[in-house]
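Here's the structure, in structure tokens; my notes come after.
The values are calculated or read from the model by the stated rules, or taken from the named source; none is laboratory data. Bear in mind the structure is a predicted one, so any value in this text is a computation, not a measurement. Cβ placement follows ideal geometry from the backbone for every residue including glycine, while neighbour counts extend to all protein chains displayed. Please note that ligands, DNA and RNA were not included when accessible areas were found on the heavy atoms of the full protein model with its side chains. Shrake-Rupley method; radii C 1.70, N 1.55, O 1.52, S 1.80 Å.
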Amino acid sequence: MTDLPLLRCFVDGQWVETHHRFPNINPVNGQLIGRVCEADAATVSRAVEAANRAAQGPWRTLTVQERSALLHRIADGIEQRFEDFVAAEVLDTGRPVHQARSLDVARGIANFRSFADLIKTSSSELYESALPDGAKMLNYVCRKPLGTIGIISPWNLPLLLLTWKVAPALAMGNCVVAKPSEETPSSATLLAEVIQAAGLPHGVFNLVHGFGPGSAGEHLSTNPHIDAITFTGESRTGSTIMKAAAEGVKEVSFELGGKNAAVVFADADFDAAVAGVMRSSFTNSGQVCLCTERVYIERAIFDRFVEELKRRCEALVVGRPEDPDVDMGPLISLEHRSKVLSYYQLAREEGAAILCGGDAPVFGDERDQGAYVQPTIMAGLPDTARCMREEIFGPVCHVAPFDTEEEVVARVNDSAYGLAASIWTTQLGRAHRVASQIHTGIVWVNAWFARDLRTPFGGTKMSGIGREGGRYSLDFYSEISTVSIRI
């Protein structure tokens, strides 16, 4: 037990141990892999105070070019410790090693480099206007740091989503207090090590570990000295944080849940569409906020499409993350496994036909103590069923036929969520027409999970508020003012 690693908080440039620790559990086999120092209210307050001091210190005087260089130094530091980050992501989440290498860690590096370059090329609006007395005014937009940003990030893509927020916040000259998910503390701790080595002033980046209610998350979101809060996670948690932020009228940006749909038209490239739906339904064991849980297929190809989707689903390899041919690892925890399995049971009670999967796999080894579930395809539910309305967040999709564009657009939009959708068609006019009618933050056509980091990202309805990415991140992480000069 004493040989297990202890992950500490990072406050004001120092590593901090706290009295209360919580276990870090490997979802592959349920074994204890370390302990984590939980930040109490006093530790979080110290982190916020340190960030506020740093916001008024030398950090605020750095030029754009100097901040850009520091962000590139952080990206280089992650790259130099690439395999350490891969190991941390795999140990905490159980995701396949090849995914951690190609997606999670690579995207973490890209986030820092993208925003480091963006701030050097961003421009501001400038307008010339005439006054009644004949004089002129030059009016231009000025962006200044907001101050201290509270960042609460989730467990499903730990490094990717943490750096997606930390990078633009630092790029715009803010200071940060970050709280990663209690389920995935390892890569965030490594990031703090890299940032420390990069030479940022003390207090610019702080890391506090812990849970939500009654713990570090609540202490951070209710702290009156935070200037803005950005959160990715469940809609219910976002609502709670918004209530806390409302007390101080703080800036907020939330990326919340989704009940995302895919629409497959009969004219689609069949193989590409099947492969795309497979990827969008089962990547990361379905634990991506953008994953597809509702698949609508034009009736003319419905039976053929479902047959091929089922065949490929049954061929997915569920196993250990280090296995070279593995397609899917476990869910994040036994608790989440219980939630997903309860939805599988609910689907049966609601009258669904389980076409494949629908249970937990049996391995006959230590993995039976892990958080695995089978990839699952179901059919036969009405759009009003709970399993069609509520986010399951597991490797599952429901398939249903449709007949007309108007019908499928109405069914896709009939959701409390509005995060993402994908359309599969070879007709250009149809692609533009249908995409423009779908009420989600992003619509992919013949693609999924492909992002240009310069474009806005966020959801509508219960899927979130605000937009990040590109200049939208620069705006959110800035105090925006207009300077008007009489000339």
Exercise for review: Specify the residue that is farthest from Ile109 (Cα to Cα); the eligible residues are those in segment 138-194 that are among the hydroxyl-bearing types (Ser, Thr, Tyr) and in a loop (DSSP other than H, G, I, E, B).
Suggested key: Ser181
Revision key, fill the gap. Per the filter on segment 49-59, residues over 18 Å from Glu479 (Cβ atoms) and surrounded by 20 or more Cβ atoms within 10 Å (Cβ to Cβ) are Ala50
Review point. Would it be correct to say that Leu161 is among the hydrophobic types (A, V, I, L, M, F, W, C) and under 26 Å from His20 (Cβ atoms)?
Key: yes
Practice item. State which residue is surrounded by the fewest Cβ atoms within 10 Å (Cβ to Cβ) when the search covers only segment 190-206 and only residues that are within 23 Å of the chain's Cα centre (by Cα) and not aromatic (Phe, Trp, Tyr). Key: Glu193
Review point. Do you know which residues across segment 219-233 are within 21 Å of the chain's Cα centre (by Cα), open to solvent by 10 Å² or more (accessible area, probe 1.4 Å) and farther than 13 Å from Ser153 by Cα?
Key: none
Review point. Does segment 232-251 hold any residues that are under 21 Å from Leu160 (Cβ atoms) and either out of contact with any Lys or Arg (no Cβ under 9 Å at 6 or more places or on another chain) or of a type in the set (Gly, Ala, Ser) (or both), and which are they?
Key: Gly233, Glu234, Ser235, Thr237, Gly238, Ile241
Review point. Can you name the number of the only condition in (1) touching a strand residue (DSSP E or B) at 6+ places or on another chain (Cβ under 8 Å); (2) over 30 Å from Gly319 (Cα atoms); (3) not in a helix (DSSP H, G or I) that His19 fails?
Key: (1)
Point to revise | Subset of segment 365-383 that is touching a residue at least 12 places away in the same chain (Cβ under 8 Å) and either under 17 Å from Val408 (Cβ atoms) or among the basic types (Lys, Arg) (or both) - its residue that is surrounded by the fewest Cβ atoms within 10 Å (Cβ to Cβ) | key: Asp383
Exercise for review: Could you list, in sequence order, all residues of segment 22-55 that are part of a loop (DSSP other than H, G, I, E, B) and farther than 22 Å from Leu220 by Cβ?
Suggested key: Asn26, Pro27, Val28, Asn29, Gly30, Gln31
**Study point:** Filter result for Ala421 (hydrophobic (A, V, I, L, M, F, W, C) and over 17 Å from Ile297 (Cα atoms))
**Key:** no
Practice item. Scan segment 163-180 residue by residue and report those that are touching a residue at least 40 places away in the same chain (Cβ under 8 Å), at negative phi and not β-branched (Val, Ile, Thr). Key: Trp164, Lys165, Ala167, Pro168, Ala169, Leu170, Ala171, Met172, Asn174, Cys175, Lys179
Review point. Do we have Asn111 as within 26 Å of the chain's Cα centre (by Cα) and modelled with pLDDT of 95 or more here?
Key: yes
Review point. Can you name every residue in segment 324-340 that is in a loop (DSSP other than H, G, I, E, B) and either open to solvent by 50 Å² or more (accessible area, probe 1.4 Å) or in contact with a Leu (Cβ under 7 Å, 6 or more places away or on another chain) (or both)?
Key: Pro324, Asp325, Asp327
Review point. Would you pick out the residues in segment 347-360 that are farther than 14 Å from Cys313 by Cα and over 27 Å from the mean Cα position of the chain (by Cα)?
Key: Arg348, Glu349, Glu350, Gly351, Ala352, Ala353
**Study point:** Among the residues listed as Val295, Val264, Val317, the single one being out of contact with any Phe, Trp or Tyr (no Cβ under 8 Å at 6 or more places or on another chain) and surrounded by 22 or more Cβ atoms within 10 Å (Cβ to Cβ)
**Key:** Val295
Practice item. Return yes when Leu290 is part of a loop (DSSP other than H, G, I, E, B), within 29 Å of Gln427 (Cα to Cα) and within 27 Å of the chain's Cα centre (by Cα) and no when it is not. Key: yes
